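The values are calculated or read from the model by the stated rules, or taken from the named source; none is laboratory data. The model shown is predicted, which means the values in this text are computed figures rather than measured ones. All Cβ positions, glycine included, derive from the backbone under ideal geometry; neighbour counts span all protein chains shown. Surface areas here come from the heavy atoms of the whole protein model, side chains and all, with no ligands, DNA or RNA. Shrake-Rupley method; radii C 1.70, N 1.55, O 1.52, S 1.80 Å.
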Amino acid sequence: GPWADEDVAADVAALAARLATHARELSTLERYAAEVESGDLAWGPAHEEAFWREHARAAERDDFALVRRLVELLDAADPAVAAVACSDVGEFARFYPNGKAVLKHLGAKAKVMALIDHDDPDVQRHALQCVSKILLKNFATN
């Protein structure tokens with residue numbers, strides 16, 4: 001009867017909506033991964049709390065390849081890149097379970113500590129915030 005058709009239509013519509021959401025999430029992540037890979041970090045939606053709250057677990061792929069690259073970028077000659085890398089590393093520390101231990105293992109803490117003395121005040125500020133997030137047990141995550 002007509003009910004069956006309506007149910008199928010509703011199911012198809014719901015599935016299409018979920019696929020669209022998934023595709024959007026994937027493209028956001030893919031864009032972010034490409035940006036990190038390129039080393040040309042710039043402020044944008046992927047460097048904000050909402051992105052990390054949602055996608056922190058994706059950072060574990062390929063033995064934390066994204067995080068390893070971010071840790072490399074803490075040494076970037078361009079202070080703008082170093083500042084964004086500090087911010088992202090700090091958000092990873094906040095939102096990834098056991099992220100602090102991962103960062104310690106990757107040598108991130110020492111690198112960020114050194115950036116507190118950077119010539120650029122923006123890098124200093126983001127390094128301080130990042131260190132706080134790595135060191136504090138319960139940095140507000142809600």
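Across the range 112-132, not a single residue is classified as buried (at least 20 other Cβ atoms within 10 Å of the Cβ), touching a Phe, Trp or Tyr at 6+ places or on another chain (Cβ under 9 Å) and either within 18 Å of Ala46 (Cα to Cα) or not β-branched (Val, Ile, Thr) (or both). The requirement of being touching a Ser or Thr at 6+ places or on another chain (Cβ under 8 Å), modelled with pLDDT of 95 or more and of a type in the set (Gly, Ala, Ser) is fulfilled somewhere in the range 79-90, by at least one residue.
Can we say Asp75 is open to solvent by 70 Å² or more (accessible area, probe 1.4 Å) and in contact (Cβ under 8 Å) with a residue 12 or more places away in the chain? Steps first, please.
Details: open to solvent by 70 Å² or more (accessible area, probe 1.4 Å): yes; in contact (Cβ under 8 Å) with a residue 12 or more places away in the chain: yes.
Taking the combined requirement at face value, the residue satisfies it.
Select from the range 25-55 the residues that are over 19 Å from Ala82 (Cα atoms) and among the aliphatic types (A, V, I, L, M) and write down the one among them that is surrounded by the most Cβ atoms within 10 Å (Cβ to Cβ). Result: Leu29. Sub-7 Å Cβ pairs linking a first residue in the range 40-65 that is of a type in the set (Phe, Trp, Tyr) to a second residue that is loosely packed, with under 14 Cβ neighbours inside 10 Å, at least 6 apart or interchain, are Phe51/Pro45, ordered by first then second residue.
Look at Ala65 and say whether it is modelled with pLDDT of 90 or more, open to solvent by less than 60 Å² (accessible area, probe 1.4 Å) and out of contact with any helix residue (DSSP H, G or I) (no Cβ under 6 Å at 6 or more places or on another chain). Judged against the criteria, Ala65 is a match. Listed by first and then second residue, the pairs with beta-carbon distance under 9 Å, at least 6 apart or on different chains, first residue in the range 107-118 and on the phi < 0 side of the Ramachandran plot, second part of a loop (DSSP other than H, G, I, E, B) and aliphatic (A, V, I, L, M), are Ala108/Leu74; Lys111/Leu74; Val112/Leu74; Ala114/Leu74; Leu115/Leu74.
Kindly indicate whether His118 is farther than 20 Å from Leu136 by Cα and assigned to a helix (DSSP H, G or I). Against the criterion (farther than 20 Å from Leu136 by Cα and assigned to a helix (DSSP H, G or I)), His118 does not qualify.
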